[in-house]
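All remarks here apply to the structure that follows.
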Amino acid sequence: MKNLVEELKWRGLYHDSMPGTEAQLLKESTTAYIGFDPTADSLHIGSMVQIILLVHLKNFGHKPIALVGGATGMIGDPSGKSDERNLLNEETLAKNVAGIKSVLSRFLDFSTPGELAPVMVNNYDWMKSFTFIDFAREVGKRITVNYMMAKDSVKKRLSGEAGDGMSFTEFTYQLIQGYDFYHLHKHYNCVLQMGGSDQWGNITTGTELVRRMNPNVEAKAFALTTPLITKADGSKFGKSEGGNIWLDADKTSVYKFYQFWLNTSDEDAEKYIKIFTFLDQSVINVLVSQHKEAPHLRVLQRKLAEEITVFVHGQEELDKAIKASNILFGNSTSEELKTLDSQTFLEIFDGVPQAEVAIADVKNGIDIVEVLNEKSGFLKSNGEARRALTENSIAVNKEKVAEGFQLSEKDLINNQFVLLQRGKKNYFVLRILA
């Protein structure tokens, strides 16, 4: 077997593991799982490390299991949280579980046959018929309260370091997650659980439960964690000013997704290209050298953005995102601008001043001077508009226009917008109302 742990270490994807984990992965094809809590109906880039970890696992000849926490999602993981989570109702949970399954299926083919084929499971399937009394007898009996209280996630809440204590509901979370490991060990011969470093307490409870619920055999159970990813300035990774960067295009457009990675700092790009791509070490070393020779070309950021956008959304969507970027920053034409869908157009020109114009005015044709001043307020007076037109500094939909130009329906982008521009960077959007 190729050395997965060694690969994870140079990529910055390794934080800690239980003794014997690396030896197990080198010895034979190993079944391992990672859990995803259904707190939303999609996943954002904060989950990318764990998704990539499952793909690495498969690529190195092991069997990955993706567990969607339909049951644990009803409780809420207290790890890293200072306050009790709001409990979700069953309808919301079912929607979230379906959404997460859909996202994960884009990265791992769960329909392929074979012993090492990826598997997706939902812990609600085996927890739904478990009575409280049965759980208390079969699982609760195996782990002491002393053991559970020694976990950092519990100690911080009980000591008042974080939040106002912990409910019994959240206190039981580590037992339920631990039972997941036991169930997968029993039914899938799963011997390794992986997750973020904040999951170490929950994961090791699972390894302990596997051993204690198999008292007559030498049950193998291992743990491996990844570091929590941060930005170079120490801030939390995975969010922009507008909130989470989601893996679904209807929540975060592909253009915005691509731009997020393109705009990473030099220091972060050098770290992220190892973590979030599958490029080998020699290729990455060359890219790092090229970037240091000419940082202004942003070689690392471009390659990072391309690789991860293809991984998440596909080559065709990457091409559209690059095209959209070129429209904003390059020498694009009016026809290219008109190929943009409405969402992408608004994403590109987010924050640009806007004004509304009635479709009836456009049908009859509007003189460009009136458009620039009275209809939009883009320029302060008709005189300023005429001077700008004389200076050849006004463009409509990226094409220069002169005095006498009439704005009409044929100039509309998706029958909704007109892009005005003065000089290279001064934009204005007209929204055409029916």
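The values are calculated or read from the model by the stated rules, or taken from the named source; none is laboratory data. Bear in mind that the values here come from a model prediction, so they are computed numbers and not experimental data. In this analysis, Cβ positions are derived from the backbone assuming ideal geometry, glycine residues included, and neighbour counts consider all displayed protein chains. Remember, those area values only see protein heavy atoms, side chains included, never the ligands or the DNA or RNA. Shrake-Rupley method; radii C 1.70, N 1.55, O 1.52, S 1.80 Å.
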Selected from 412, 318, 184 as most flexible by GNM, with the chain as the system and alpha-carbon contacts under 10 Å: 412
In segment 1-84, lysine pairs with alpha-carbon atoms under 18 angstrom apart (chain gap of 8 or more, or interchain): 6
Helical mean residue ellipticity (222 nm; -39500 (n - 2.57) per DSSP H run of 4+; nearest 500) of the chain: -12000 deg cm²/dmol
Residue 390 accessible area, assembled protein chains, probe 1.4 Å, Å²: 110
Most positive-pole-ward Cα, 282, 46, 123, against dipole of the chain from beta carbon charges: 282
For the chain, built as a Gaussian network whose Cα springs stay under 10 Å, the top-fluctuating residue of 386, 298, 142: 386
Cβ-defined net charge surrounding residue 211, 10 Å radius [Lys, Arg +1; Asp, Glu -1]: +1
Cα-projected label distance for residue 249 with residue 28, points at 7 Å along beta-carbon direction, nm: 4.4
Average Cα contact separation per residue, segment 248-382, under 8 Å, 6 or more apart, as relative contact order %: 25
Qualifying GluC sites (Glu not before Pro) for segment 118-217 [loop in DSSP, other Cβ within 10 Å: at most 16]: 161
Simple Cβ-charge dipole of the chain, Lys/Arg +1 and Asp/Glu -1, about Cα centre, in debye nearest 20: 660
Choice from 400, 95, 380 showing the highest fluctuation, given a GNM over the chain with Cα pairs closer than 10 Å: 380
Unit charges at the beta carbon, dipole of the chain: most positive-side option, 334, 273, 419: 273
Computed E for residue 274/residue 89 - FRET, C-beta separation, R0 45 angstrom, nearest 0.05: 0.65
Cα gyration tensor shape for the chain, rounded if a/c is under 1.5, else prolate or oblate: prolate
Inter-site label distance for residue 392 and residue 326 at 7 Å from Cα along Cβ, in nm: 2.5
Whole-number accessible area per residue in Å² for segment 218-277, which is evaluated in the context of all protein chains at 1.4 Å: 43
Chain lengthening between residue 400 and residue 134 when straightened (0.36 nm per residue, less Cα-Cα): 88.2 nm
Sorted largest first, extent of segment 101-169 alpha carbons per principal axis (Å): 48, 30, 19
Segment 1-127, relative contact order [Cα under 8 Å, separation at least 6], %: 29
Percent antiparallel among DSSP beta bridges (both partners in the chain, rounded to 5): 45
Rounded, prolate or oblate (a/c below 1.5 giving rounded, otherwise prolate when a/b exceeds b/c) for segment 281-343 by Cα gyration tensor: oblate
Summed residue charge, Cβ within 13 Å of residue 312's Cβ, Lys/Arg positive, Asp/Glu negative: -2
Test item: Cα-centred dipole of segment 86-151, Lys/Arg +1 and Asp/Glu -1 on Cβ, debye: 260
Size of electric dipole in segment 128-187: Cβ of Lys, Arg +1 and of Asp, Glu -1, about Cα centre, debye, nearest 20: 200
Mean separation of Cα contacts under 8 Å (6+ apart) over length of the chain, as relative contact order %: 13
Cut-off 11 Å (backbone N to label point 7 Å along Cα→Cβ of residue 363), residues of segment 391-434: 434
Probe 1.4 Å, protein heavy atoms only - accessible area per residue of segment 282-360 in square angstrom: 53
Set 271/320; 236/271; 398/424 screened for pairs whose C-alpha atoms are more than 19 Å apart: 271/320
Heavy-atom accessible surface of the chain: percent carbon and sulfur, 1.4 Å: 48
Ranking by accessible area, most exposed first, for 63, 320 with a 1.4 Å probe: 320, 63
Shape category assigned to segment 133-234 from the gyration tensor of Cα positions, a/c cut at 1.5: oblate
